[in-house]
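One structure below.
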Amino acid sequence: MKVLQVPFTYYPDAVGGTEIYVEALAQRLQAHGVESVIAAPAQQNGTLERNGLCVRRYALSEQIADLRELYGEGDATAAANFEQVLEEERPTVIHLHAQTRGVSLRMIRVARRRRIPVVYTYHTPTATCQRGTLLRWGNSVCDGKMKESLCTACALQGRGVPRLAAYALAALPVAVAALCGRAGLRGGVWTAMRVRELTTLRHRCAREFLAEADHVVAVCEWVREVLLRNGVPAEKITLSRQGLCQKAGAKAESREQKAGRGTGGGDVSAINFQLSALSGPKVFRVAFLGRLDRTKGVDVLIRAVRGVPELNLSLDIYGIAQGEGGRAYEAKLRTLVKDDTRITFHNPVPAERVVETLQAYDLLAVPSQGMETGPMVVLEAFAAGVPVLGSRLGGIAELVREDVDGLLVSAADGAAW
C-alpha cells in the first residue's frame, strides 16, 4: 500500500504545524509498513529526499490571470503536473491536507478519474471561512455554516470595510460583481465589489471538494461540528485528534520544582506561585513559538507585556514569517517592541527540538486570534512539562484544562492578557 500525502507546502520552503504533522504521519505510516510519499506545490517540478521520505514537488502556473483562480476549482497547471506524479507513483490512497489553488478540486477529480480514493484532513478554518478565523466580525465564534451574503460582509469587514458598507456590497447581485472582473477592474472598491462573486465561487467549490472527497478527517470537535453544519454526512467524518510528533522523554520538572519549590511543570498552582514572584529577582520566562501572522496574535501578546513594564519577565518569540504578509507583520511586531529589552526575537526552532527548547521556560503563550485545530505546540508544551496561557478558542480550549495544565484568556482582550 502506498499513500500520497499532499500538504499546502513542504520543506525546504517555510512550513507550519500542518507540514510538521504530515511529515510525522508519513514517517509513522512507513514504520508500520505503509509506503508514504509527500507531494506538494512548488515553483517547479522536482524530486528530493528528506528524513527518509520521497518528496515530489509539482509546479503551479507562474502567474494568476484573475482572482477567480484563487477561489475556484484550482490551478490547471498544478493539476496536470500532479497527474504526472500520480502516473509515476501510482498511490493506493491520496491524503490531502489543504484546500488551495495548488491542492484543489481539480486534483480530486484527477484522482477520481483514476479511481484512487481521496481522504481530506481539515486543518485550518480557511477551508470554509473567507475570513480565515471563523470569528464573525472578528470577535465572536461563528457556527461555520457557509452563507454567501453573511460571509461576504464578514470578509469585507475583516479587510477594513465598515460593516454597513460591507452589508451593502454583500447584497450586490453576483452577475453585477462578475462584470467588474470581466471588465478588468481591479483594486480598491472594484475588488471589494467582486467579493460577493468570489465568495459564492469559493463556497461552491468548497462544497464540491467536501462532497467529492471519499472521507474527511476532523482533528478536533469544532471542526466536526462545522463539517456537519455544511452538509457532510456523519458517517463520512472521522474525529482523529493530532498527536505529539516528537518522541517525548520523561516529563520535565519545572524550574521551581528543581529548586525545591512549587508543584511541577504543568500544574497551574506552580504558575500562580511563580506569577506572584514576577516583581522579585527571578526572571519569569515566557515563550511563543509559531507563525508570525496576525491570526496568531503575537501583537496582542507584545502589547500586554509592554503594558506592564514593572514585571520581571522575558518574552522569547520563536517565529517564522511566510511570504510578504508574514514579513510585513514581523516588521510591525518589531516596531511594537521598540526598546523593551525583555522581548527578544529568535529564529524558528526545528520541530525535533521544540520540546527540549520549551523545557527552559515557565510558560508557553498561545494568543491565537482565530479558531485553531491544535495547535500542536500546546501538546509540545505539555510534553515539556510547561503550562499554557492560551486564547479561550477552538482547539486550544479543547486541549487546555483550565486551572489544571494552563489558563485561558479572552482572545482579543488586551487587558485580560
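The values are calculated or read from the model by the stated rules, or taken from the named source; none is laboratory data. Bear in mind that the values here come from a model prediction, so they are computed numbers and not experimental data. When we count neighbours, we look across all protein chains shown, and the Cβ atoms used for this are built from the backbone with ideal geometry, even at glycine. Just so you know, the surface numbers come from the protein's heavy atoms only, side chains and all, with ligands and any DNA or RNA stripped out. Shrake-Rupley method; radii C 1.70, N 1.55, O 1.52, S 1.80 Å.
Table for the structure above
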quantity: Flag if residue 108 is part of a strand (DSSP E or B) and open to solvent by less than 10 Å² (accessible area, probe 1.4 Å); calculated: no
quantity: Inter-residue pairs, beta-carbon under 7 Å, first touching a residue at least 40 places away in the same chain (Cβ under 8 Å) and in region 20-37, second open to solvent by 20 Å² or more (accessible area, probe 1.4 Å) and charged (D, E, K, R), 6+ apart; calculated: 37/2; 37/56; 37/89
quantity: Residue tally, condition touching a strand residue (DSSP E or B) at 6+ places or on another chain (Cβ under 6 Å) and not acidic (Asp, Glu), over region 86-105; calculated: 9
quantity: Any hit, region 109-124, residues being of a type in the set (A, V, I, L, M, F, W, C), in contact with a Cys (Cβ under 9 Å, 6 or more places away or on another chain) and either over 28 Å from residue 24 (Cβ atoms) or at pLDDT 95 or above (or both); calculated: no
quantity: Inter-residue pairs, beta-carbon under 6 Å, first in contact (Cβ under 8 Å) with a residue 24 or more places away in the chain and under 13 Å from residue 302 (Cα atoms) and in region 406-417, second open to solvent by 60 Å² or more (accessible area, probe 1.4 Å) and not in a loop (DSSP other than H, G, I, E, B), 6+ apart; calculated: 414/303
quantity: Positions within region 375-413 being closer than 24 Å to residue 155 by Cβ, assigned to a loop (DSSP other than H, G, I, E, B) and of a type outside the set (D, E, K, R), in sequence order; calculated: 375, 393, 410, 411, 412
quantity: Subset of region 133-150 (residues that are out of contact with any Ser or Thr (no Cβ under 8 Å at 6 or more places or on another chain) and among the charged types (D, E, K, R)); calculated: 136, 143, 145, 147
quantity: Residue among 271, 343 that alone is open to solvent by less than 60 Å² (accessible area, probe 1.4 Å), more than 19 Å from the chain's Cα centre (by Cα) and at pLDDT 90 or above; calculated: 343
quantity: Only one of 324, 352 that is in a helix (DSSP H, G or I) and loosely packed, with under 12 Cβ neighbours inside 10 Å; calculated: 324
quantity: Selection status of residue 47, touching a Pro at 6+ places or on another chain (Cβ under 7 Å) and hydroxyl-bearing (Ser, Thr, Tyr); calculated: no
quantity: So residue 317, is it modelled with pLDDT of 95 or more and in a strand (DSSP E or B); calculated: yes
quantity: Residue ID - least open to solvent (accessible area, probe 1.4 Å), chosen from residues in region 70-105 that are of a type in the set (D, E, K, R) and part of a loop (DSSP other than H, G, I, E, B); calculated: 75
quantity: Within region 41-63, tally of residues that are in contact (Cβ under 8 Å) with a residue 24 or more places away in the chain and open to solvent by 70 Å² or more (accessible area, probe 1.4 Å); calculated: 2
quantity: Residue list for region 366-388, restricted to those being in contact (Cβ under 8 Å) with a residue 60 or more places away in the chain, under 21 Å from residue 134 (Cα atoms) and hydrophobic (A, V, I, L, M, F, W, C); calculated: 366, 371, 376, 377
quantity: Those residues of region 170-190 which are at pLDDT 80 or above and open to solvent by less than 30 Å² (accessible area, probe 1.4 Å), in sequence order; calculated: 170
quantity: Some residue of region 336-359 being farther than 22 Å from residue 242 by Cβ and of a type in the set (Ser, Thr, Tyr); calculated: yes
quantity: Index of the failed condition, residue 145 passing every other in (1) within 28 Å of residue 165 (Cα to Cα); (2) open to solvent by less than 60 Å² (accessible area, probe 1.4 Å); (3) charged (D, E, K, R); calculated: (2)
quantity: Complete set of residues in region 350-367 that are among the aliphatic types (A, V, I, L, M) and under 17 Å from the mean Cα position of the chain (by Cα); calculated: 351, 365, 366
